[in-house]
Amino acid sequence: MICSLRQLQVNDKATVTAVNAGGEMGRRLRDMGLVPGTAIEIVGRAPLKDPVALRLRGFTLTLRNNEADYIYVDKKAPTA
Amino acid sequence: MNNCTIAFAGNPNAGKTTLFNTVTGSHHHVGNYPGITVERKEGHVQFAGTQLNIIDLPGCYSLTAYTQEELVARQVLVEERPDLVINVVDASKLERHLYLTVQFLELGIPVVLALNMMDDVRSQGITINVEALAKGLGCDVCPTIARNGEGKQNLLQQAIKTTNERQGKWQPLHISYGPDIDPVLNEMEQLINERNFLTDKYPARWSAIKFLESDENLVEQGSYDQTTSSQLQQIVTNLRDHCEKTLNSFPEAIIADYRYGFIHALLRKNVITFPEKEYRFDVTDNLDKFLTHRVLGPSIMVFLLYAMFQITFAFGEYPMQLLAFLFSSLADFVSRVIPAGYLQSLLVSGVIDGIGGVLSFVPLIMIMFIMIAFLEDSGYMARVAYMMDKVFRTFGLHGSSVMPFIISGGIAGGCAVPGVMAARTLRSPREKLATILTAPFMPCGAKIPVFLLLIGAFFSEYKALIMFSITLVAWMIALLIARLLRSTLIKGESTPFVMELPPYRWPTLRGVMIHTWERTAEYIKKAGTVILAISILLWAAMTFPGQTAEQATAYQSQQQQLQQMMEQATTPQQQQQYSIALIDLEKQQGAATLKNSAAGKLGTMLEPLSKWAGFDWRTNIALLGGVAAKEVIVSTLGTAYSLGAVDSDASTNLSERIANDPHWNPIAALSAMLFVLLYAPCFVTIVVIARESNWKWACFALIFNSAVAFSLATIIFQAGKLVS
C-alpha cells in the first residue's frame, strides 16, 4: 500500500518509493540515504508527536511531519 | 625527514575527532578558517620517520555546497591538496557512510578508509570482508577502534605507504549514472577538457557532475568563463527538462540513486554479511523508550538539567573559595610590599582583582563544560533537539537551535561566543539569525558570577532555586523574543530538520577532557587578555581625574583640624571619637574621588534614568564595563567598592558589602540580575554576531537587547516597590 511517510505508525516497516522534493530539502534527504528502494522502519515519535524517528541503513534519522509528506512509501503488511 | 599532509574526513558521529585525538595525542592546535567560524583543528605526529601534519576536517555528510562544513572540507581538499584523505567511517552504518567516500573517490584524491567502530560491528554480529571492500572501492581499508586506539599503527603505516605510492596524484573514480545521464556527462566532460575549464582545480568529470547537481559554489567559480559556463548550463537545463518529462525526477536525484546503487551493489559482493536474526539496537532502543518517552522524556530532561546545577555548585564551591582566598592573600601581600599610591592601587584594584575575579570561576566553568561535553558525546544532546523541535518551531526556530542556546548558557555556564558560532549549522538564514540574536539572552558563564554575588548578598538560602529560575526566565524570554523577531523583522519559511540520532555511547574520559580543556582554555585566554586590558582601563577611568583641587584642599584642612583636635584630646573617649571622624572623612573623600572620575561622571549622568530600575552610579559603572565583557561586572563592582570605602578589610567580601549598602535591597538585586541576564551581549559576542550576520544586526543586538533588559528590569523594580 502506497502512502506518505507521515501516515506510518511507530513500528511500521516500509520501502521508499519516491522522494518528491527538489532543491535543498531533496539534497539533504538524499545525503542521509533516503532514496527510492530504501527499507525504513518507524522507531518513534517525539513527545509532541513530531518529529518522527525512523531507522534506515543501520542508523536512526529524524524528520518533521511536513518533511515526511514529501516521501512516499510502500507499507509492508505487519508481520504478526 | 619526510613530510606528509593528511586530512581526516567523515560524517558527524563517525568517531573522526576521537581518532584524531588518539592519533595526535595532545599535540594539536585549534583555530578558525579565515572569514568563517568553522573550527580548524590541526595536529602533528611523528610516525616511522615521517612527520605527519593532520587536518581534522569538519564533519559532513556529502561534498555538496549545502553547509559551511561541506564547503570548507571541499575547499581544503582542492586548495591545499593534502597528500591523502583518511576517510573515517562508522563500519556499522557502512552503506550511508560510503556515500561520502564515493564522493572523495570521484574527486580522485588518494583515500585510505578507516573502518571505525569495529567493536560495534562485532557485537552486532556483522562481518565485513576488508579485502573485498578495498578491491571494490579501489582504495586501502584499515579496521580501527578509535576509542581504544586499535588499528592506529596499521592505519598510519598504510597512510604513509599510500602517500608514497600515489605521490599526490589524483585518480578519479568513474561511476555509471545510467543511460540518461552518462552520455550528457561525457559530452560535458569533453567540453570542459577542451576549454581547460577549472581543470587546474577539479577533475573534468567532477565539475560536470557538480554542474548537473546545480552546485552553487562551483557554478559561481566557473563564472570567469562565461561562454563555457553558459554552454554547460544549457546542457544541464536540457537534461533537467528531459528528466522531468520522462522520469519525473531531477538529475541530482538520479545521481544520488546511482551512487547508492553503486554502494549497494558493492556491498552485496560478499563484502558485508549481516547476522540471520536482525540486530536490534538493544541498548539505544531501550534507553530511548525512557529518554524520549512522551511523559518520561521531558521529565528526565528537566531533572538532568536541574541535577547539573546541583552537581556543579556542590563540586565547584570549594576550588572557587580556594582561588578567591589565594587572590585576596596576594592582594594583601602586594598592599604590604608596595607603598600606597597609584602603583599599589593599579596592581591591587586593577590587575589582581580583575584577573582574580575571572579565574576564581574557572573551576565552575570546567565542571559545567565537563557535563556539557558528556551530554554531547553521549548522544543525549541530539535527543534534546529531537524532543524540543516542535516547541522551537512554534517560536520560529529549529530543533538545532537548542545547541546554540545550550552552549550560550541554556545550561547555565556556557558562553555566547561559541554559542553564536554553533548557530552556523543552521542552514536557514532566518532561523539562524533569530537564534544568534536570542542566544545571548542565556545565562553565560560570565554572568553567573554576578548572579552568585547578588544571590550571596540577598538570597543565600535559595541559591540553586534562583539559578534554576534565572535559566527558565532566560529561555522564556529568548523564545518569546525569537517569535517576535520571526513574525516581524525576520519573517519567512522554516528549514528541513533532517537530523541523525546517534546511538548512545559512553563518552571517553579523554574525549570529554580534551573538549573541556579546549573550552576552558578559550575562557582563560579571553580572561587573560581582553579582560585584563579592560580591567586596567576601567581602573584608570575610575581613578582619574580624581578629586578637584578645591576638594583636595578642603579635605586636607579638615584632616589637619581633626588630627590636631585628636592630639589635644584629654580623655580616651574623645580620642576614639576623633579617630572615627577621621575614618569617616577618608571614606567620604574616597567616594568623592570615584564620583569625580571619568567613569563616576558617566555613571552619575545615567543615574536619573537608571534609578527607574534601581541602579545607582556604582552599578552603572559596572554595567557599562560589562558591555566590554560580562566578566568585568563583578571585578568592577569590587574595584568600585574597594576604592569607595578606604578601610577595605580584605576579609569582608563584596557580597557582604553589597548586602550592607543602603542602595541595594532584594528588589534592586532581582532587577539587576534580570538586567544583567538580558542586556547588550559582550563585545566579543557582538563581533561574532557581526561575523555570522552583519554589523547592522550586531548593532541591533546591542541596542535592542539593552532596551528589552531595561524595560523588564524597570517593570520588576517598580512593581516590587509597589508591593513591598
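Here, each number is a calculation from the coordinates, and none is a lab measurement. Here the structure is a predicted model, which means the values were calculated and not measured. Virtual Cβ from ideal backbone geometry, glycine too; neighbours counted across all protein chains shown.
Can you check what the Kirkwood hydrodynamic radius comes to for segment A:2-75, Cα pairs only, in Å to one decimal?
So the Kirkwood estimate lands at 11.9 Å.
Cα to Cα, under 20 Å, and not fewer than 8 places away if on the same chain: which aspartates and glutamates meet these conditions relative to B:Lys463?
Excluding near neighbours in sequence, the set is B:Glu317, B:Glu631, B:Glu656.
Write out the trypsin sites (Lys or Arg not before Pro) in segment B:462-567 meeting two conditions: DSSP loop, and at most 12 other Cβ atoms within 10 Å of their Cβ.
In loop regions of segment B:462-567 (DSSP not H, G, I, E or B), the sparsely surrounded trypsin sites (Lys or Arg not before Pro) are B:Lys491.
So if I restrict to the alpha-carbon atoms in segment B:463-537, what is the Rg, and what is Dmax, the biggest pairwise distance, in Å?
When restricted to the Cα atoms of segment B:463-537, Rg and Dmax are 19.6, 50 Å.
For B:Lys135, list the lysines whose Cα falls under 26 Å from its own Cα; do not include residues on the same chain fewer than 8 positions away.
Excluding near neighbours in sequence, the set is B:Lys16, B:Lys93, B:Lys152, B:Lys161, B:Lys169, B:Lys269.
Report the percentage of all Cα-Cα pairs in segment B:378-472 whose separation exceeds 21 Å, rounded to a whole percent.
Value for segment B:378-472 (Cα pairs over 21 Å): 35 percent.
All other residues with a Cβ under 14 Å from the Cβ of B:Pro143 taken together, and with Lys, Arg as +1 and Asp, Glu as -1, what is their net charge?
-3
Of B:His242, B:Leu437, B:Ser214, which is farthest towards the positive pole of chain B's charge dipole, taken about the Cα centre with +1 and -1 on the beta-carbons of Lys, Arg and Asp, Glu respectively?
The residue sitting most towards the positive pole is B:Leu437.
Which residues does a label at B:Trp517 reach in segment B:136-167, if reach means a backbone N under 11 Å from a point 7 Å past the Cα toward the Cβ?
Under 11 Å, as judged by backbone N against the label point of B:Trp517, lies no residue of segment B:136-167.
What do you get for the angle between helix B:362-378 and the principal long axis of chain B? Use alpha-carbon atoms, 0 to 90 degrees, nearest ten.
Once rounded, one gets 20 degrees.
Report, largest value first, the span of the C-alpha coordinates of segment B:178-273 along each principal axis, in whole Å.
Projected onto the principal axes, the Cα atoms of segment B:178-273 cover 49, 33, 22 Å.
Where both partners of a DSSP beta bridge lie in segment B:2-166, what percent of those bridges are antiparallel, to the nearest 5?
35 percent
Please return the longest range in chain B lying between exposed loop sites, taking GluC sites (Glu not before Pro), DSSP loop only, at most 16 other beta-carbon atoms within 10 Å, and leaving the sites out. Kindly include the intermediate steps, with their values, before the conclusion.
Details: sites that count: B:Glu276, B:Glu278, B:Glu493.
My reading of the result: B:1-275 is the longest stretch.
Charges at C-beta only: +1 for Lys and Arg, -1 for Asp and Glu. How large is the resulting dipole of the protein assembly as shown about its Cα centre, in Debye rounded to 20?
Its charge dipole is roughly 1060 debye.
Evaluate 2.2 N^0.38 Å with N set to the residue count of segment B:50-146, then give the Cα radius of gyration divided by it. Intermediate results must be reported in sequence, preceding the final value.
Numbers: Rg = 13.7 Å, N = 97, 2.2 N^0.38 = 12.5 Å.
That works out to 1.10 for segment B:50-146.
Roughly what % of Cα-Cα distances in segment B:424-511 sit above 17 Å, to the whole percent?
65 percent
Within the P(r) computed for segment B:670-724, what percentage of the Cα pairs occupies the region above 12 Å?
Cα-Cα pairs in segment B:670-724 separated by more than 12 Å: 64 percent.
For B:Val45 paired with B:Gln563, estimate the spin-label separation in nm (one decimal), with each label point 7 Å from Cα along the Cα-to-Cβ line.
In this crude label model, B:Val45 to B:Gln563 measures out at 7.1 nm.
With a ≥ b ≥ c taken as the square roots of the eigenvalues of the C-alpha gyration tensor of segment B:2-166, please select rounded if a/c is under 1.5 and otherwise prolate if a/b is larger than b/c or oblate if it is not? Spell out each step's value before the answer.
Details: a/c = 1.40, a/b = 1.21, b/c = 1.16.
Since a/c stays below 1.5, the shape of segment B:2-166 is classed as rounded.
What's the extension gain from B:Leu537 to B:Gln718 if we count 0.36 nm per residue and subtract their Cα-Cα distance?
61.8 nm
With θ taken as phi - 60° and the coefficients 6.51, -1.76 and 1.60, list the Karplus ³J(HN,Hα) couplings across segment B:669-684 in order, rounded to whole Hz; mark glycine and proline as x.
With coefficients 6.51, -1.76 and 1.60, one gets 5, 4, 4, 5, 5, 5, 5, 4, 4, 9, 6, 2, x, 5, 4, 4 Hz.
Can you compute log10 of I(q)/I(0) for segment B:218-338 with the Debye formula, treating each Cα as one identical point scatterer, at q = 0.21 Å⁻¹?
Here the Debye-derived log intensity ratios amount to -1.17.
Provide, for q = 0.08, 0.11 Å⁻¹, the log10 of I(q)/I(0) from a solvent-free Debye sum over equal Cα point scatterers in the protein assembly as shown.
One equal scatterer on each Cα of the protein assembly as shown leads to -0.76, -1.24.
For B:Lys201, list the aspartates and glutamates whose Cα falls under 12 Å from its own Cα; do not include residues on the same chain fewer than 8 positions away.
Leaving aside aspartates and glutamates fewer than 8 places away in the same chain, those within reach of B:Lys201 are B:Glu79, B:Glu80.
Could you pull out every residue, at least 5 positions away or on a different chain, whose amide H is within less than 5 Å of the one on A:Thr60? Hs are placed 1.01 Å off N in the peptide plane, and Pro or chain starts have none.
The list, which skips near neighbours in sequence, is B:Leu501.
Can you give me the Rg/Rh ratio for chain B, using Cα atoms for both radii and the Kirkwood formula for Rh?
Rounded to two decimals, Rg over Rh is 1.07.
Shielding by partners for B:248-257, please: the mean number of other protein chain Cβ atoms within 10 Å of each residue's Cβ.
5
How long are the three semi-axes of the equivalent ellipsoid for segment B:524-637, computed from the Cα gyration tensor as the root of 5 times each eigenvalue, in whole Å, largest first?
Semi-axis lengths for segment B:524-637 are 36, 16, 14 Å.
Quick one: of the DSSP bridges fully inside chain B, what percent are antiparallel, nearest 5?
About 40 percent, rounded to the nearest 5.
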